[in-house]
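The values are calculated or read from the model by the stated rules, or taken from the named source; none is laboratory data. Since this is a predicted model, take the numbers as computed values, not measurements. Using ideal geometry, Cβ is built from the backbone for each residue, glycine included, and neighbour counts are taken over all protein chains shown. These area figures cover heavy atoms from the full protein model, side chains too; ligands, DNA and RNA do not enter into them. Shrake-Rupley method; radii C 1.70, N 1.55, O 1.52, S 1.80 Å.
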Amino acid sequence: MEYAYDDQNIFAKILRGEIPNNTVFENDHALAFNDIAPQAPVHLLVIPKGAYVSLDHFARDASVDEQAGFFAAVAEVCKITGVDDGFRAIANTRTHGVQDVPHFHLHIIGGAQLGRMLPK
Ligand code: AMP
């Protein structure tokens, strides 16, 4: 699988500071910010700072430090947002997964009772 990264995607622009975002947490390897169109009381995106298009790209090619930094950010976001009663983490991927922004991002969605994962 070839992963072609488009550095004009909107999250690349956020990482370069070209467009604003509502940052909730940041470390050396990841940035977490509020989704611009929240689908629940808590809806954040956690993104790696490296140029990875998707979860499978990140899992294959990111260094151990990048992966550790990313998941440390996920842990911090869960703590900051207080989603102790649960949440959903979603990584929409490519066409079948209906991914709009081609920079890997994990949605963290919660703060209320969610419906089932997929309609039956
Ligand atoms: P996906 O379909 O998984 O690629 O989702 C992309 C997400 O990015 C959507 O939930 C959008 O609402 C969100 N989004 C798009 N532009 C921005 C932005 N400038 N700041 C924050 N979230 C954004």
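List, in order, the whole-Hz ³J(HN,Hα) value for each residue of segment 108-114 obtained from phi through the Karplus relation with A = 6.51, B = -1.76, C = 1.60 and θ = phi - 60°; use x for Gly and Pro.
Result, ordered by residue: 10, 10, x, x, 6, 5, 9 Hz.
Within the chain, what's the longest run with no GluC sites (Glu not before Pro) in a DSSP loop and at most 13 other beta-carbon atoms within 10 Å? Give the range, please.
Answer from the scan: 19-120.
Express the relative contact order of segment 10-102 as a whole percentage, based on alpha carbon pairs under 8 Å and six or more residues apart in sequence.
It comes to 25 percent, rounded to a whole number.
Loop-only check: which trypsin sites (Lys or Arg not before Pro) in segment 2-63 are DSSP coil with at most 11 other Cβ within 10 angstrom?
Taking segment 2-63 and a limit of 11 other Cβ atoms within 10 Å, the loop trypsin sites (Lys or Arg not before Pro) found are ARG16.
Evaluate the Debye formula for segment 1-65 with equal point scatterers sitting on the alpha carbons, no solvent, and hand back log10 of I(q)/I(0) at q = 0.20 Å⁻¹, in q order, two decimals.
-0.88
So which trypsin sites (Lys or Arg not before Pro) in segment 61-115 pass both tests, a DSSP loop state and at most 16 other Cβ atoms within 10 Å of the Cβ? Working shown, then result.
Values: sites: LYS79, ARG88, ARG94; in loops: ARG94.
Taking segment 61-115 and a limit of 16 other Cβ atoms within 10 Å, the loop trypsin sites (Lys or Arg not before Pro) found are ARG94.
For segment 10-102, what is the accessible area per residue in Å², given a 1.4 Å probe and the full set of protein chains?
57 Å²
Angle, helix 64-81 long axis vs. longest principal axis of the chain, Cα atoms, 0 to 90°, nearest 10?
On a 0 to 90 degree scale, this one is about 30.
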